[in-house]
Amino acid sequence: MNFTIRTAIKDDMFQVLNLIKELAVFEKEPDAVKITVEDLQKSGFGDQPEFHCIVAEIDNKIEGIAIVYKRFSTWVGSALHLEDLIVSQNVRGTGLGTALLDEVIKYGNSIGAKRICWEVLDWNEPAIEFYEKKGANVMRDWDVVQLDEQGIKEYISKL
């Protein structure tokens, strides 16, 4: 299968959002996506972009994305967080996911990241197997901790 891997541009964000919504359905959270095309364009393409997006195209249609951002680890220093690696269901198993992950690793290396990290749902065995085959350490004894917008407001109100 012929595909192109490249850095996203602002005009790609409509197709990027469609893939984000496809992932939300797959992860059984179809109503969880609140971000808009405008949010993605503003956050990813301003003076200080909050994320870097890599896209995979087949016949001028974006069929896969990887969204990453820089972070800092108190243990190792500069790190890169892979927020999402999404491949449209109709092209899974074609090598697109590997090509996107390859680009993420190359990008992390190019910015001097000492670690690249991400989360995977514990029931998503195909993804877990994919990452383990690539040499990733799936740390099953860690839990993800979050405060959503409402939780932040409630926390602040108690201060």
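The values are calculated or read from the model by the stated rules, or taken from the named source; none is laboratory data. Because the structure is predicted, anything quoted here is derived from the model rather than measured. Positions of Cβ are generated from backbone atoms using ideal geometry, with glycine treated the same way; all protein chains shown enter the neighbour counts.
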Please go through the stretch 87-101 and give me each residue that is of a type outside the set (Gly, Ala, Ser), touching a helix residue (DSSP H, G or I) at 6+ places or on another chain (Cβ under 8 Å) and farther than 19 Å from Glu132 by Cβ, ordered by number. Gln89
Filtering the stretch 1-33 down to residues that are basic (Lys, Arg) and either more than 19 Å from Pro49 (Cα to Cα) or touching a Pro at 6+ places or on another chain (Cβ under 7 Å) (or both) yields Lys21, Lys28
Within the stretch 65-103, residues assigned to a strand (DSSP E or B) and touching a residue at least 60 places away in the same chain (Cβ under 8 Å) come out as Asp84, Ile86
What number of residues within the stretch 50-69 satisfy the criterion of being touching a Phe, Trp or Tyr at 6+ places or on another chain (Cβ under 9 Å) and within 17 Å of Ser110 (Cα to Cα)? 7
Considering residues that are in a helix (DSSP H, G or I) and among the acidic types (Asp, Glu), the number found within the stretch 1-60 is 5
Asp84 versus (1) at pLDDT below 95; (2) within 23 Å of Asn109 (Cα to Cα): which is the lone unmet condition? (1)
Considering each residue of the stretch 61-79, count those that are within 14 Å of Ala8 (Cβ to Cβ) and either loosely packed, with under 12 Cβ neighbours inside 10 Å or not hydroxyl-bearing (Ser, Thr, Tyr) (or both), and give that number. 8
